[in-house]
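The values are calculated or read from the model by the stated rules, or taken from the named source; none is laboratory data. None of the values given here were measured: they were computed from a predicted structure. For neighbour counting, all protein chains shown are included, and Cβ atoms are generated from backbone atoms with ideal geometry for every residue, glycine included. Keep in mind that these areas ignore ligands, DNA and RNA; they rest on the heavy atoms of the full protein, side chains included. Shrake-Rupley method; radii C 1.70, N 1.55, O 1.52, S 1.80 Å.
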Amino acid sequence: MERFDLIVVGAGPAGLSAAIEAAKQGMKVIVFDENHKPGGQLFKQIHKFFGSKEHKAKIRGFNIGTELLKEADTAGVQVKLDATVTGIFENKEVTVNHDGAIHHYKGSSVIIATGAAENMVPFEGWTLPGVIGAGAAQTMMNLNAVKPGKKILMLGSGNVGLVVSFQLLQAGCEVVALVDAAPRIGGYGVHAAKVARTGVPFYLGYTIKKVEGTEKVEGVTIGKVDEHFKIIPGTEIHFDADTVCIAVGLSPMSQLLKMSGCKMEDNPKRGGQVPIVDEYGETSVPCLFAAGDVSGIEEASSAMIKGRMSGLRAAYKLGFTEEKPMVEAEETYQKDLDSLRQGMFAPSNRGKLIEKTDEGIPVSMNLLQKGYIAEDEIERYPGVTHQKGIHPVIECTQNIPCNPCQDACKKNCIKIGSCITALPVVAPENCGCTGCGMCVASCSGQAIFLVNEDFEPGFTSVTLPYEFLPLPAAGSIGKALSRSGEVICDAEVVSVKTSKAFDHTNLLTMKVPKEFGYKARFWKAE
């Protein structure tokens, strides 16, 4: 039986982070993962992360995964793949199915970081081929370069449903509708807005009645729900579709923790059956920790921080680090974690309707109910200003943890302050903007635009983030779409800028008639 100071189950963001932190303290660490490749969900996540520098903000998920793997290798972490942990027993012995045989390993400490599994919803036709989880769609697109379908209906408006809907569009799929039984958007408004402006219709307060087809998905019928979430007769709407994606939440994969004998609880706010843990992730079994989504569903940024805290605490409990440096590091990690748990989407606010921002500004009800900000609402936010010359217009309207735009602007045109959930503020007249576009490229929510109302007589230029292929050439004539995805006018492409510094976010500048400068938010080829 091989022995280790620390055994980590799961090579995702939490598991790798925990292993790295423990190995840096001198522990002998091994990580087991049942998949062919390490990194967990990170390598499926092609979007840029939110948060601040400490949370790896504006870095795409797969790049964060690459960074973690390099860090783990440098720290001497041993990662064993295609290795399924089948059991955990007394004295922290684990059994692992690897290379066609069962192997036994003994750990002085164990960290369980097995993540979470997608939830499903039963409805007529839900077992047909073509009904898949949103995570499965991500795997097909972003890992295997396979389009999940041609015409897709998404069920679920949380961050996963919104992000995957946008990625389906990037892959060349048509998203026929985004549906949710809830009366309002569940994820970040900026995610919803970037989907809505491409023309995808939102149906809030609707759910799937049935999926049609005999051997595969051939169509979907949805219906409006009442206060008991029952479909109201006569409200049905039919869509031609060949695929249905389900994004209705995640459940912690806590089976190994149950097997360990640690105390568990049924906690809906944390995602279901989860272990009872302290602030460092330690369970009721000494030196047995839970990190990441298995201890409560949160974003990957939080999972990485919680993993670091668990790895460091395991090292301290086994005498690999002194109390003072451990306390100092944990205070820093806790501060970083607390900053992610502020604002409208703090864990304490789940399920609540927040009607005003922290600044006292009324929240856009149109955004919550339809996915986009109405024209009579947009001017109320401090990021939306009218100035001479080119300047940023920031349509970030919720208190979410994110501040890369502030760091990106070298002219200090954009201010957020020390609280990363504050709404961004654009400096007043003559802010000094040079039109470099770094703020547009750095925005994880694609909510920043550069506007020049005096571009040409009678025309305004709008520079927007554009992550679709093929890229149009300068001079291409297409259609400008509004925040709702409605075609509002013809639009000529002035330029498309690409740069390594932009990290695959292209800056498309189009010119539109002056009256549409504050309405045009997407360019579509004819």
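Only one of these conditions is not met by residue 364: (1) open to solvent by less than 20 Å² (accessible area, probe 1.4 Å); (2) over 16 Å from residue 423 (Cα atoms). Which number is it?
Only one criterion in (1) open to solvent by less than 20 Å² (accessible area, probe 1.4 Å); (2) over 16 Å from residue 423 (Cα atoms) is unmet by residue 364, namely (2).
Restricting attention to the range 495-515, which residues are surrounded by fewer than 20 Cβ atoms within 10 Å (Cβ to Cβ) and either more than 27 Å from residue 46 (Cα to Cα) or not polar (S, T, N, Q) (or both)?
The answer is 496, 497, 500, 501, 502, 503, 504, 513, 514, 515.
Between 220, 200, 274, which is of a type in the set (Val, Ile, Thr) and assigned to a loop (DSSP other than H, G, I, E, B)?
200
Against the condition of a type in the set (Gly, Ala, Ser) and within 24 Å of the chain's Cα centre (by Cα), how does residue 417 come out, does it pass?
yes
Can you tell me how many residues in the range 468-526 are assigned to a loop (DSSP other than H, G, I, E, B), of a type in the set (D, E, K, R) and within 28 Å of the chain's Cα centre (by Cα)?
Residues that pass the stated criteria total 5.
Of all residues in the range 187-204, how many are under 19 Å from residue 381 (Cα atoms), of a type in the set (Gly, Ala, Ser) and under 13 Å from the mean Cα position of the chain (by Cα)?
Within the range 187-204, residues that are under 19 Å from residue 381 (Cα atoms), of a type in the set (Gly, Ala, Ser) and under 13 Å from the mean Cα position of the chain (by Cα) number 2.
Looking at the range 25-58, which of its residues are among the aromatic types (Phe, Trp, Tyr) and either without any contact (Cβ under 8 Å) to a residue 12 or more places away in the chain or part of a loop (DSSP other than H, G, I, E, B) (or both)?
If the condition is that a residue be among the aromatic types (Phe, Trp, Tyr) and either without any contact (Cβ under 8 Å) to a residue 12 or more places away in the chain or part of a loop (DSSP other than H, G, I, E, B) (or both), then 49, 50 are the ones that fit.
Of the conditions (1) open to solvent by less than 20 Å² (accessible area, probe 1.4 Å); (2) among the hydroxyl-bearing types (Ser, Thr, Tyr); (3) modelled with pLDDT under 95, residue 333 satisfies every one except a single condition; which number is it?
It fails just one condition, (1).
Do any strands (runs of 3 or more DSSP E) entirely within the range 127-183 hold 2 or more residues that are farther than 18 Å from residue 117 by Cα, and if so, which?
Those strands (runs of 3 or more DSSP E) span 151-155, 174-180.
Quick one: which residue in 274, 285, 244, 248 is within 23 Å of residue 108 (Cα to Cα), under 23 Å from the mean Cα position of the chain (by Cα) and either of a type in the set (Val, Ile, Thr) or open to solvent by 50 Å² or more (accessible area, probe 1.4 Å) (or both)?
274
Does the range 69-80 include one or more residues that are modelled with pLDDT under 95 and of a type in the set (S, T, N, Q)?
no
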